[in-house]
Amino acid sequence: MNQEFIPFVSHSLEEDDIQSVLDVLKSSWIVSGPKVIEFEEKLKEYFGCKYAVALNSCTASLHVLLASLGIGEKDEVITIPFTFIATCDAIIYQKAIPIFVDVREDTFNIDPSKIEAAITKKTKAILLTHYAGQPAQLDEIKEIAQKHNLLLLEDAAHAIGAEYKGKKIGSFGSGVCFSFHAVKNIISGEGGMIATDNQEIADKAKRLRFFGIETDAWKRVCSEDFWFYEVSDLGFKYNMMDIQAAMGVSQLKKVVKFQKIRDQYAQMYNQSFSQIPEIDIPTILPEVKTSWHLYVIKLNLDRLSINRNEFVRKLRELGVGTNVHYLPLHMHKYFKDNSNYRYKDFPVSESLYDRIISLPLYQKMTPQQVERVVDIVIDLIKKYRR
Ligand SMILES: Cc1ncc(COP(=O)(O)O)c(C=O)c1O
């Protein structure tokens, strides 16, 4: 087959994005300054939240969010094993303890019916992930959080543009963290933000992202006492640069256009695979709108004479890049060495892991490439059908 390889992911940087970055590079201010403020203003408008705090990654945003809320040593934070390590890292950075709760088999999101059993006197927060861009069941989880006086925090790295009961993820909630890393739906190279309606959290996060310094460098330069700064908290070096924000501002203008393409391609996959019994297509609950950050199929392995790893290898040989999101966290060496969690503790996550493949889905793909992925996947299924 001579056709070009279809990568798993590729960003959509266009001329206007590049020009926007060049303008900053040619200006006199390239670190955190007016572009970061502009990006925060635009994000606030887009999400409909009261405060937006930009940082240099979602990981940093999660860390600063937990630190701003005073989550610390020996506090317990409920989260899922079926997420990227960053969700959990933030908890561990604060010397708090991640408590895993298994996910739902259909949505990959936290299973609300399993949360209460994991709550103890030390539990301070629930930090959930909106897996693949599909919002978790926020109302049910909020009810549990309120009943037990817990904070409800969201890792929305996948979920820009996603909606829960008609409201954008990020437009409500005490702390919602987004990612603009190069593989995300819109990008700033590296980048993240905290969306919140809570002024105290926003103010503290703004200090913590830059050494715990009360006023940021840009504001200082513009003020009379430009030389003075005071450290009020032990902070971090997590600030976003104007170079990154310029890319973000430009990409944010296209978020709706990009989403339409993702919606269209996801529907193409859905329609093509829905009649194939060896494949389960994603289940999207009626009350949500997913951002389709990932398109994840589940193989029905008992109908196939090939396992997931072999399937992924064959797809690669045939010209399709894929990925697997995720090896459940408790199955990583770090958790085997540093926690009491063991294999079989989270059977839903474990069995999902054996079956899942994330297929290419990004705005730079052409409809013809989506069709080619479909043909190659279906051909493989036919070849290895039991
Ligand atoms: C669920 C989840 N949370 C957090 C992150 C971390 O994002 P960042 O790379 O911006 O730190 C990622 C990155 O892929 C992610 O997938």
Hey, any hits in the range 63-73 for a residue that's assigned to a loop (DSSP other than H, G, I, E, B) and within 12 Å of the ligand (Cβ to nearest atom)?
-> no
Return yes when residue 188 is in the same structural domain as residue 55 (by TED's automatic domain parsing), over 23 Å from residue 30 (Cβ atoms) and touching a strand residue (DSSP E or B) at 6+ places or on another chain (Cβ under 9 Å) and no when it is not.
-> no
Would you confirm whether any residue within the range 188-201 is out of contact with any Phe, Trp or Tyr (no Cβ under 6 Å at 6 or more places or on another chain), within 16 Å of the ligand (Cβ to nearest atom) and more than 25 Å from residue 124 (Cβ to Cβ)?
-> yes
Taking the range 125-150 only, how many residues are within 22 Å of residue 92 (Cα to Cα) and surrounded by 20 or more Cβ atoms within 10 Å (Cβ to Cβ)?
-> 9
The lone exception for residue 53 - which of (1) more than 16 Å from the ligand (Cβ to nearest atom); (2) surrounded by 18 or more Cβ atoms within 10 Å (Cβ to Cβ) it fails | (1)
Among the candidates 132, 159, residue that is assigned to a helix (DSSP H, G or I) and in the same structural domain as residue 94 (by TED's automatic domain parsing) = 132
Of the residues in the range 225-253, those that are surrounded by fewer than 20 Cβ atoms within 10 Å (Cβ to Cβ) and over 16 Å from residue 38 (Cβ atoms) come to 225, 226, 227, 228, 229, 230, 231, 232, 233, 234, 236, 237
Based on what the data block shows, is residue 381 over 30 Å from residue 112 (Cβ atoms), out of contact with any strand residue (DSSP E or B) (no Cβ under 6 Å at 6 or more places or on another chain) and assigned to a helix (DSSP H, G or I)?
-> yes
State all residues of the range 225-284 that are part of a helix (DSSP H, G or I) and β-branched (Val, Ile, Thr); if no residue qualifies, say none.
-> 243, 249, 255, 256, 261
Is at least one residue of the range 211-224 buried (at least 20 other Cβ atoms within 10 Å of the Cβ), in contact (Cβ under 8 Å) with a residue 24 or more places away in the chain, closer than 17 Å to residue 35 by Cβ and within 16 Å of the ligand (Cβ to nearest atom)?
-> no
Filter the range 74-104 down to the residues that are assigned to a helix (DSSP H, G or I) and of a type in the set (A, V, I, L, M), then identify the one that is nearest to residue 157 (Cα to Cα).
-> 86
Name the single residue, out of those in the range 181-195 being among the aliphatic types (A, V, I, L, M) and surrounded by fewer than 24 Cβ atoms within 10 Å (Cβ to Cβ), that is farthest from residue 20 (Cα to Cα).
-> 183
So which of 236, 172 is in the same structural domain as residue 70 (by TED's automatic domain parsing) and at pLDDT 95 or above?
-> 236
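The values are calculated or read from the model by the stated rules, or taken from the named source; none is laboratory data. Source: prediction; values computed, not measured. Backbone-built Cβ (ideal geometry, glycine too); neighbour counts: all protein chains shown.
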